[in-house]
Amino acid sequence: DIDECKEIPSLCGPNANCTNAEGSYECFCQEGYFPSTGKTWETNLTQCTVKCCRSFCMDPYSLNCALENFTSVAANSCQEMKKNTTVDSTQLLQDILNTASDVVGRLQVPSGADKLKHVSNIMQTLEHTVDKMALKLKSGDTEISSKHMGLKVKVKRGEIPLHEEVEMSSINTTMKITWKAAAGENNKGFAFASLISYDNIESLMSGSFQESTFKEENRTLTLLTMNSKMVTVVVNNKNKSHLPEPVELQFSHFEGVKPNDINRITVCAYWDMKLHSWSRKGCWKISTPFNKTHTTCKCDHLSSFAVLMAHYEIKESITLEVITKIGLTVSLFCLLLAIITFLFCRSLYGTRNTIHLHLCISLFLAYLIFLTGITQTNNKVGCAIVAGLLHFFFLASFCWMCLEGIQLYLMVVRVFDSQSLKKKYMIPFGYGIPLIIVAISAAVNSGGYGTDYSCWLSLKKEFLWSFLGPVCLIILVNSIFFIITVWKLAEKFSSLNPDLPKLRKLRAFTITAIAQLCILGCTWIFGIFQIEEGTLFISYLFTIFNCCQGIFIFILHCLLKKQAREEYHRCLYRICSLKKPVKYSEFSSYTASSSRSQSQLQVRMQTESWTV
């Protein structure tokens, strides 16, 4: 009987004892270790791992055990390499990478304040292991991958061409480094460079920065999140903190950056192992032709690197601030005059008047809240309420504008009868739909209301579209209604129609409604471009159009209407205690002659049916 245990001392693997049996052998884990496959020992598969794991955790596959397992495998691999000159370094690296990947996978679950420390320990252990084992690797390229990690190593022996550049790539990152930086001057005929890439680890690393804010280009930057995959660069140069030539890294972005973006910028950073946080020291961004999908960085030392997305704390130009405050104040005054006109001018009473009244009320309250509350970010709850109210009233203004398009359509299609929208349906539509949208948005993501910079919706596109989506839909629906309305009007004008005066009045209504749609619609189209492009020119256009909405509405629906002008004329005469005008329009409610009064009343009633 052959004693396999004596013939092959490492038959059972590290941390295990081998016992010879009749025609076979048995493996047992040493005290404090347990078989990875449970009670059944599987040849070439079972390993004795995790010393004393059961003493501090009930589940041997928990995070603590995985960390202990990783450390144990790394240490055993190094010991194996020292004892055995013919060891397969590639397989040892594969085992270590698999174990490290297992730990990273478990860290995706919230694991307390120590998770950053664990990540740092994993990266340091990997760096140390690759550094030690690269000496045993064959010359040329070696590539190893696991579930959450990838490793590429390039080894060179003999005369090292110091000025030759090494280029290595992972899926999202490209590294360039000279052999001089990788090997150093005293390389003794051996050099290696390696790139370790991590998948899905960025969720653990975001939010930990040495500087919450910093200055760049005379502006304040606030770091937000990682915007690329993270990589670790390992070389055999012992002086890794001061490379003779910088390492160059090109990262692919998670989130694209637009040219001339005034409020976002990418930042090159490295992971500080001691402080367990991101830092920019010794790393800088290369000035290259603009690329919204990539950033190129250089660093004068080695570590783990990534690209971060930072946010400018933009202080608006004085000109833009003045335009906003003065423009909105004038717009508020015009909207207030329009509201008073629609409330007290009896000659304008009708369905369209009701729609215009609620449109003006919605815009008035939105502008008033904007002026008084948009910058009140200190109180998070109050800021969220302000953002929610702005969301509601701006959506309400578009809903009332949509109702006007529907009303005009009904008036043209039903030109021979007096059908119009009922108030009992208009109020639920005008205010109910915005309320439902705001309620759903708040329930899905309450944190989307209010940001660190303004009391408005979060600029994350998936949430911002809770406003822009309905706005775009209403603009589209209104455009369809207006196209049909104009088409019907053209048909009626082309025929000999006895209702020509009514059609002319409808044409005027349609023109003003289309103009109103253009004003409100263009404003928020510029708003979309401002969010997407972020240029100062678009900001000016958005601000100017926004400030002019109230002014245009007052001009279109009040000053351009004869009934309203005559009411203003009478009011001015009364205020100035002047003689009432002798001329009375067909909308006057008083005449000396009773017969003429009845005639005028009939005309007025006929007209009112077409001012709806």
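Taking other C-beta atoms within 10 angstrom as a stand-in for reagent exposure, 332, 435 fall in the order 435, 332, fewest first.
Sort out for me the Cα centre separation of segment 125-146 from segment 343-383, rounded to whole Å. Their Cα centres are 67 Å away from one another.
Taking amide H atoms as placed 1.01 Å from N in the peptide plane, the amide H of residue 166 lies under 5 Å from those of 177, 178, 179, each 5 or more residues away in sequence or on another chain. When 18, 334 are sorted by how many other C-beta atoms sit within 10 angstrom of their C-beta, beginning with the fewest, the order is 18, 334. In terms of other Cβ atoms within 10 Å, 574, 280, 157 run from fewest to most in the order 574, 157, 280.
Taken together, the values in this text are just the output of simple stated rules run on the coordinates, not laboratory data. Everything numeric in this text was worked out from a predicted model, so none of it was measured. Ideal geometry is used to build each Cβ from the backbone, glycine not excepted, and the neighbour counts take in all protein chains shown.
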